[in-house]
Protein chains: 2
Amino acid sequence: MIPSIVLVHPQMPENIGAAARAMMNFGLDTLRLVAPLAPWPHARAYDLAGHASPILDNATVFATTCEAVADCTYVYAATARSREMVKPVFTPAEAVTNIHADSAPTAILFGPERTGLTNDDVASANAIITIPTASDHTSLNIAQSVVVVAYQWFHAQLPDKYGDNLVHKSALATQAELQGFFDHLEQSLDTVDFWKVPEKKPKMWLNLRNIFARAQLTEQEVRTLHGVIAALQESTKR
Amino acid sequence: MIPSIVLVHPQMPENIGAAARAMMNFGLDTLRLVAPLAPWPHARAYDLAGHASPILDNATVFATTCEAVADCTYVYAATARSREMVKPVFTPAEAVTNIHADSAPTAILFGPERTGLTNDDVASANAIITIPTASDHTSLNIAQSVVVVAYQWFHAQLPDKYGDNLVHKSALATQAELQGFFDHLEQSLDTVDFWKVPEKKPKMWLNLRNIFARAQLTEQEVRTLHGVIAALQESTKR
């Protein structure tokens, strides 16, 4: 189930807008605000939200954290501070995997900029999300924390081979086309006696082919290289 | 090797500051700026950077992207737009794994707010990083993109069992302590004839123990519960 993002007493409308923008980027749509400090709605939130203004339009405002999560059955508190509370602590990657597998309505609480969540808010949550940080710099901006959790939420749902699909494979040259280029190049180099010492040719030729094999040439690039060889040979004839 | 973050023609000093803050949180320290639009250094960048002002102090400014990455042997361009270029495309998770394994100096380019990286900048990069986003909302804020990449960089270096270490295991009650509580509770319930119908006891008692077993009680909580039972029994005696 898609979790709700709950910003508890956010101080700066800019951070509400930035959080909404990240939510839109990463497929989250439910924003709840617990007694924001500045008047709501706020123009500066919309400035930062960009395309995510619908999320701000639909954001609901509550007086207390309790009311904001009343309809949720599982609540995470995003906090870096170690508290003397016994409660499961998850990284964002672990938490989103749990949330994804769970069909229960879930909320994730983020605390105000200066102080973070209160002990009471953390105590009422079922579990803690702690974003791993470099040891001495645990304090993340509230909107940046939302970015990380929203990103992880979206990322956890990608197919394993997502990255592979991004490569423009169709444009790549086939091995046959590459071989055609190699044949053309080899003939031309033979013609101009590039190798000088025949015994050195095998190693030199291997190294040369490696350069082009590594480059993952496209069909167009192979055609261009054929042209380059032809043009160079033409010039040597003159 | 720790990658350098290169912001190409950043428009808003706030975003430079926010990027630096995220870098500090996630263990990145080298920031390079290619011809920022606003004067540099800029107070509004420092406002947003928080504890990360040393990164801004040490940021180096270059006139061109080319000069900014001159000492790097591998360059990633962070861009969402599909370009008609044949170039490996990685998710942040994939890219940071590559960078981590590679000892070569690496830079990651992020483009200006309004336009993103130019085709020339992308063409000169070795590979592309595309942050997966919800389909219609591919445009991330530059600082938020840095947050995601920096977070992934840090996250990729965590031990697999990182999350487990966060739980305050020392405070948890042992099974023996839990059993001591169960014995106390069962005796007390027997005394007050809680079960009424003896045949129902096994199932009722199982359900009751489940409640407490699930709660992952601490030693202190077990002691408190012993006290609760004693107090309640005391009152029934009166």
Check your understanding: Restricting region A:57-81 to residues that are part of a strand (DSSP E or B) and of a type outside the set (S, T, N, Q), which is nearest to A:A143 (Cα to Cα)?
Key -> A:A78
Point to revise | helices (runs of 4 or more DSSP H) wholly inside region B:131-238 containing at least 2 residues that are modelled with pLDDT of 85 or more and within 30 Å of A:F154 (Cα to Cα) | key: B:142-155
Revision key, fill the gap. Of the residues in region A:121-136 that are buried (at least 18 other Cβ atoms within 10 Å of the Cβ) and at the interface with chain B (Cβ under 9 Å from one of its Cβ atoms), the one that is nearest to B:A19 (Cα to Cα) is A:T133
Practice item. Would you confirm whether any residue within region B:67-80 is over 24 Å from B:H100 (Cβ atoms), touching a helix residue (DSSP H, G or I) at 6+ places or on another chain (Cβ under 9 Å) and open to solvent by 60 Å² or more (accessible area, probe 1.4 Å)? Key: no
Exercise for review: Specify the residue that is farthest from A:G116 (Cα to Cα); the eligible residues are those in region A:137-153 that are more than 9 Å from chain B (Cβ to nearest Cβ) and touching a Pro at 6+ places or on another chain (Cβ under 8 Å).
Suggested key: A:W153
Study note, to complete from the structure: Out of (1) in a helix (DSSP H, G or I); (2) away from chain A (no Cβ under 14 Å); (3) touching a Lys or Arg at 6+ places or on another chain (Cβ under 8 Å), the one B:G50 does not meet is (2)
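Based on what the data block shows, is B:F110 within 20 Å of B:I16 (Cα to Cα) and in contact with a helix residue (DSSP H, G or I) (Cβ under 6 Å, 6 or more places away or on another chain)?
For B:F110, the condition - within 20 Å of B:I16 (Cα to Cα) and in contact with a helix residue (DSSP H, G or I) (Cβ under 6 Å, 6 or more places away or on another chain) - is met.
The values are calculated or read from the model by the stated rules, or taken from the named source; none is laboratory data. Here the structure is a predicted model, which means the values were calculated and not measured. For neighbour counting, all protein chains shown are included, and Cβ atoms are generated from backbone atoms with ideal geometry for every residue, glycine included. We work out accessible area using only protein heavy atoms, side chains counted, and drop any ligands, DNA or RNA first. Shrake-Rupley method; radii C 1.70, N 1.55, O 1.52, S 1.80 Å.
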